[in-house]
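Reading through the C-alpha cells given below for one structure.
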Amino acid sequence: MSRLRMILLFAAMVVSLVLLLRFLNWIPAAFQKTEVRRYRSIEDVRSGLKIRKVFLPSYFPQYLTWPPDEIFARKRPYPLVLMHFTNQQRGEIAMSIRQADVRDASPVVSRIEPVIIHSEENILIKDRPARLFIATCPAKRACISVMWQEEGYVFTITAKDSVREVTKIAESMLSEEPQPNGP
Amino acid sequence: MRFFESYAGMYMLQSVVHSLVALFIVEMSLRIWSVEDSHERFRYRLLVMVLPFIMFPAFQFINPERGSFYFIQDSALFSSLRWVRIEMFGKMPFAYAFLCVVSAVAVIVILQEILPIVRDRIAEPRGFDCRHPDPAVEAMVTELSVRMGVSKPSVCVIDDERPFIFTSGTKAHTIVISEPLFRLLDMRQLRSALAHELAHIVRRSNVTTLLVFFIRIFMFYNPVSLLEFRMLVQDDEHICDDITVSITRDPEGLASALRLFWLDMPQREKIRLAEVKQVIETSSHNLQLHERIVRLEEGRAFTDASYGWGRFGATLATIVVMNYFIV
C-alpha cells in the first residue's frame, strides 16, 4: 500500500470516527426531553416546549443586540429559559436573563455567571423583594446581578452594566401587580 | 445518578469511553499502517492501556471547565453523561447497564487477579529446593547471555512434576526450570527456551508487565483494560520469540519446545460447572500457544521492519486530541 493511500485511509478513519461520535451524541439529545437544548428564537421555545410564559424585558439598552444571541431551554423536569445578549460594539456577551423553575436546585449557569461577589443587598423591584449583587464576572469584568421570584420562577439578570440599568431592565419584565408565586 | 457527576464517576465513565476510542483508533491504525513488527504493535497497544489512565486528570488540569455545560454544548464531540442520563419509564437503563458491565469486570479482575495474589500472600511461604543445573546448561546460559548482552542470571532447577520455565525478579533475575523439562526437551529445544527467557530479561518484561498490571488493577472496572492486558502480554511473548529466533536462527526449535506446554482439556462429554473456569483458561492458554507456534512456523517472527515514528505520532495525537473532546 502506498504511503499516500495509507495517509488518506487514516484521515478517512478519523473523519468517520468524528461523524460517528457526533451521531451518537445527537441520539440522546433528539429523544430525551429532559436535555437543555439550544433554540434559534423565542418563538421556537414557545412553540417547541409550550412553556406557559417566557418573560422578556420591554426596556432594552441600545448597545445590546436583539434577538438574543443564544437561547437555551428545557421543559422537563423543570422549565428553564436562559438567554444571552451580545454587546454590539464589543461583540461579547454583555447580559443574560435566566428564568428557572423555583424547584430547580441547580439550573444551568449563565456564561457570565459572577465568579466573585463583592456585596449584596435586598432591594424592591416594583414592590417585589429582590437581591442585588455587585460582582466580578469571568475575564475579571465588573458586573451586576439581580434575582427575584415571580409566578413560580426564579429570575436572574446578570449584566456588565450599572445598577440603574439592570434594575430598569428587571422592572420592565414585571407587571405592576405582583403575581402569585406558585408554579 | 449524582455519582457520574462526581470526579470519581467522571473518571470511571470517561476512562472507559476513552479506552474504547483508543482501542478503535489503535486497531484501525495497526491495519491501515500495516504494522507487523511486534515491538511496534506492543507500543501501539500500550497506548490503549496507559493513555485512558492519565488522560482525564491531565485534561481536567489543563481545562477545569472541560466537563461544563458550555464545553459540552460548544466543543464536545461526544458526551457520555448524556447517555447515562437517558430516562425510560422513570429508570436510567444506560446508567444501570454501564454499572452492570463495570461491576462484572470488577468481579472478574478480583477473582482472577487480586484474590490469588492475596491468597498467595496469606498462605505459608512454600520453600523449594533449588539446585544448580548441569554444567552443559550453565554453559548454554552463559553463551546466550553474552550473545544477548545481559549479565548471566542464576538458574534454579526445582522438583515439580509439571513442566515449566519462567524468569523471576526485576533487578537480579533467576531462570526457574522444573525438572521434567530436562527429560522432555532436547538440547536444541532447551536452548530456544532459555533464549526466550533471556529475551524477557533483555526487554525487562517483568518490570513492564508489573507497571501495566498496576494500571490494570487501578482500572479494575474497565473491560478494555482487561482485554488489552492480555493482548499486551501476548505481544510481549511475540517480541521475545522474535529475539530468540534472531539469536538461535531456529524457529522450529522454539515452536517444538512450545508444543510441550500444551495443556490437556478435560476429556468428558459433559463438563461440570466447576470445570468451566479450568476449561476456559486451558483453551485460552492453548489458543495463545497455537498462535505463537503458527507464527514461528510461518516465519512471521523476526521481521526486521523499520520503526514508523511518524505514524505512531499521528496515532498518539489522534487519540489524545479526540479524547479531549469526549467528556
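Within segment B:73-125, being without any contact (Cβ under 8 Å) to a residue 24 or more places away in the chain and aromatic (Phe, Trp, Tyr) holds for B:TRP83, B:PHE89, B:PHE94, B:TYR96. Among the criteria (1) more than 9 Å from every other protein chain (Cβ to nearest Cβ); (2) in contact (Cβ under 8 Å) with a residue 24 or more places away in the chain, the one A:ARG38 does not fulfil is (1).
Check every one of the helices (runs of 4 or more DSSP H) wholly within segment B:134-231 and list those with 3 or more residues that are open to solvent by less than 50 Å² (accessible area, probe 1.4 Å) and over 30 Å from B:LEU23 (Cα atoms).
Working: elements: B:135-148, B:180-184, B:187-202, B:205-218.
So the answer is B:135-148, B:187-202.
Can you tell which of A:VAL115, A:VAL108 is at pLDDT 90 or above and open to solvent by 70 Å² or more (accessible area, probe 1.4 Å)? Please lay out each step first, then the result.
Working: A:VAL108 fails: open to solvent by 70 Å² or more (accessible area, probe 1.4 Å).
Result: A:VAL115 is the single residue among A:VAL115, A:VAL108 that is at pLDDT 90 or above and open to solvent by 70 Å² or more (accessible area, probe 1.4 Å).
Criterion applied to B:VAL202, B:VAL212, B:VAL207 was being closer than 30 Å to B:ALA97 by Cα and of a type in the set (A, V, I, L, M), and the one residue passing it is B:VAL212. Is it fair to say A:ASP69 is open to solvent by 40 Å² or more (accessible area, probe 1.4 Å) and within 14 Å of chain B (Cβ to nearest Cβ)? Yes, satisfied.
Listed here are the residues, each with its yes/no results for (1) out of contact with any strand residue (DSSP E or B) (no Cβ under 9 Å at 6 or more places or on another chain); (2) over 19 Å from A:ILE157 (Cα atoms); (3) modelled with pLDDT of 95 or more.
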site	(1), (2), (3)
A:ARG5	yes, yes, no
A:PHE31	yes, yes, no
A:ARG46	yes, yes, no
A:SER58	yes, no, no
A:GLN62	yes, no, no
A:THR65	no, no, no
A:ARG76	yes, yes, no
A:LEU82	no, no, yes
A:VAL102	no, no, no
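Considering A:VAL81, A:VAL45, A:VAL54, the condition of being assigned by TED's automatic domain parsing to the domain that holds A:CYS137 and touching a Phe, Trp or Tyr at 6+ places or on another chain (Cβ under 6 Å) is satisfied by A:VAL45 alone. May I ask you to verify whether A:ARG111 is of a type in the set (Lys, Arg), closer than 22 Å to A:TRP66 by Cα and part of a loop (DSSP other than H, G, I, E, B)? The answer is yes for A:ARG111. Would you say A:ARG98 is over 30 Å from B:ARG31 (Cβ atoms), among the charged types (D, E, K, R), without any contact (Cβ under 8 Å) to a residue 40 or more places away in the chain and within 13 Å of chain B (Cβ to nearest Cβ)? Considered against the rule, which asks whether it is over 30 Å from B:ARG31 (Cβ atoms), among the charged types (D, E, K, R), without any contact (Cβ under 8 Å) to a residue 40 or more places away in the chain and within 13 Å of chain B (Cβ to nearest Cβ), A:ARG98 comes out as no. Restricting the search to segment A:18-35, which residues are at the interface with chain B (Cβ under 7 Å from one of its Cβ atoms) and either in a helix (DSSP H, G or I) or closer than 27 Å to B:ARG311 by Cα (or both)? If the condition is that a residue be at the interface with chain B (Cβ under 7 Å from one of its Cβ atoms) and either in a helix (DSSP H, G or I) or closer than 27 Å to B:ARG311 by Cα (or both), then A:VAL18, A:LEU21, A:ARG22, A:LEU24, A:ASN25, A:PRO28, A:ALA29 are the ones that fit.
Pairing residues of segment B:213-234 that are acidic (Asp, Glu) with residues that are assigned to a helix (DSSP H, G or I), at Cβ distances under 8 Å and at least 6 apart in sequence or on separate chains, gives B:GLU228/B:SER19; B:GLU228/B:LEU23; B:GLU228/B:ARG45; B:GLU228/B:VAL48; B:GLU228/B:MET49.
The values are calculated or read from the model by the stated rules, or taken from the named source; none is laboratory data. This structure is a prediction, so every number in the text was calculated from the model and none was measured. Note that we place each Cβ from the backbone using ideal geometry, even for glycine, and neighbour counts take in every protein chain shown. Note: areas computed on protein heavy atoms with side chains; ligands, DNA, RNA excluded. Shrake-Rupley method; radii C 1.70, N 1.55, O 1.52, S 1.80 Å.
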